[in-house]
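Any read-out appearing in this document is the output of simple, stated calculations on the displayed coordinates, not a laboratory observation. Computed from a prediction, not measured in an experiment: that's the story for all the values here. Glycine also receives a Cβ, built like all others from the backbone with ideal geometry; neighbour counts cover every protein chain displayed.
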Amino acid sequence: MLDDNDNAPIFKQSVIDIKIEENNAPQTFLAKLQATDEDSGNRGEVLYLLGSDAPPIFHLDQLTGVLTVTTSLDREEKETYRFIVRAVDCGTPKKESIATISVTVLDRNDNSPRFINKDFTFFVPENFPGFGEIGVLSVTDADAGENGWVALSIINGSDIFVIDTGRGALRAKTPLDREQQGTYYLWIEAVDGGKPSLSSVTMVTILLLDVNDNPPMVLFPQSNQSYLLVLPNTLPGTSIAEVYAVDRDTGMNAVIAYSIIKRRGGEPGSFDIDPDTGNITLRKVLSDRGLYSLLVKVSDHGQPEPLYSTIMVNLFVNETISNETYIQSLLTREADIGIEEVRPPNRLAQGPEYSDLFPCKLLLIALSTTCLGLLLIVASLTAYICCKRQKNHKKKRLEVEIPLKISSDRQAMDRKLMEISNI
């Protein structure tokens, strides 16, 4: 009995699952395919072929059925390959069957954690509340599973800052003061969970933005008890003293303006101060010898509210200083001084204030009240006079109407008597 080619080859498995670690060596063995054909002779011989959907990186030996991969695989590039293989007999006509190959590339810890930025810079206002979130450091790891788990830590031993190991939120344990330190540099390390673990490092720069939290500090005069000698023959226009102050803040928070807000001694306008430099200039001749005191306000231009300090500038007008004890007694005798008439200019003001436009506001109010009172009095008098005239006019009318009525009544009675007599 002759054998007909009436049987197709049959794979032992219709779906063949293969797992291989990434970064494999080229020509790595994957599997040996097996298919059987019940026909005899060359009709039962089986050839193994790759399907048309098989990637070119795979090779299948037609006779042995050994499947290999010709190159190194990268799980981060592609994790799964799926294609068809064929088992074909040598009979006429040829018969064949197919099986599905599924290749899964297993992860190896071959990728270090990667920060989304090469370095990070965060701007934080000083006095930022403790444990407030300064910023978040985003990091990724292309590996899978534990190989892709990332933990963050500060490696330069900072006791001021902490970082959430998982989320990457950077925080300060206490409020930060720019005047103590304006810039912080941190090195942050990201370590994955692979074995052995891989890591990467980035630098974080924290810049503190200034907040107006420091009033100007007066360096000269050194105290309210200091004084300077001014000769009586000093001419107007002469610079006789200086106030010097600094501000630990920056920007507009550190721009200083000087102004005289009170004085004792001398006529109004006897002294002038440069709002920018603090130089005090004599404007009028000082006719009296003795102690003159100026209360100087040193203000910054911070927002939302400027901060300021005050200092007493004492000027002793005399040819010489012969009795320092006497001068010290003058300095401590009186605490209050008169109000200086000249208000300091506000360089940041957009226009004149209401009080500058109307310096005699109280006088105007008093005059307006007086005029209103006089107007009410005049109106009351006019109403009274009109009422009195109207009463007099009514009285005269009554006096005229009553006699006329009496005379008419008499005439009527006389006519009636005449009629009776005629009868």
> Which value in nm describes the separation of the simple spin-label points at Glu179 and Thr28, placed 7 Å from the Cα toward the beta carbon?
Replying inline: 6.4
> Under the Karplus relation 6.51 cos²θ - 1.76 cosθ + 1.60, θ = phi - 60°, what is the ordered set of whole-Hz ³J(HN,Hα) values for the stretch 306-316, x standing for Gly and Pro?
Replying inline: x, 10, 8, 10, 10, 8, 8, 9, 9, 10, 9
> List the chymotrypsin sites (Phe, Trp or Tyr not before Pro) in the stretch 108-150 that DSSP assigns to loop (not H, G, I, E or B) and whose Cβ has at most 14 other Cβ atoms within 10 Å. Which are they?
Replying inline: Phe131
> What is the calculated FRET efficiency for Arg108 to Arg82, with r their C-beta to C-beta distance and R₀ = 22 Å, to the nearest 0.05?
Replying inline: 0.55
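Sorted by packing (mean other beta-carbon atoms within 10 Å per residue), highest first, where do 46-55, 193-202, 83-92 land?
Per-residue Cβ counts within 10 Å, averaged per peptide and sorted highest first, yield 83-92, 46-55, 193-202.
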>> Could you tell me the calculated FRET efficiency between Asp272 and Ser72, based on Cβ-Cβ distance and R0 = 56 angstrom, to the nearest 0.05?
In response: 0.05
>> Using Cβ counts within 10 Å as a stand-in for footprinting exposure, how do Leu235, Leu228, Leu294 rank, fewest first?
In response: Leu235, Leu228, Leu294
>> Restricting to DSSP loop positions (anything but H, G, I, E, B) with no more than 14 other Cβ atoms inside 10 Å of their own Cβ, which GluC sites (Glu not before Pro) remain in the stretch 231-331?
In response: Glu319
> For the stretch 114-193, which trypsin sites (Lys or Arg not before Pro) are in a loop by DSSP, counting at most 15 other Cβ atoms within 10 Å?
Replying inline: Lys118, Arg167, Lys173
> Amide H of Leu228: which non-local residues (sequence gap of 5 or more, or other chain) have their own amide H closer than 5 Å, using H built in the peptide plane?
Replying inline: Asn314, Leu315, Phe316
> Quick one: Kirkwood hydrodynamic radius for the stretch 249-304, alpha-carbon pairs, angstrom, one decimal?
Replying inline: 12.7
> Amide H neighbours of Gly135 under 5 Å, counting only residues 5+ apart in sequence or on other chains, H built in-plane at 1.01 Å?
Replying inline: Leu170
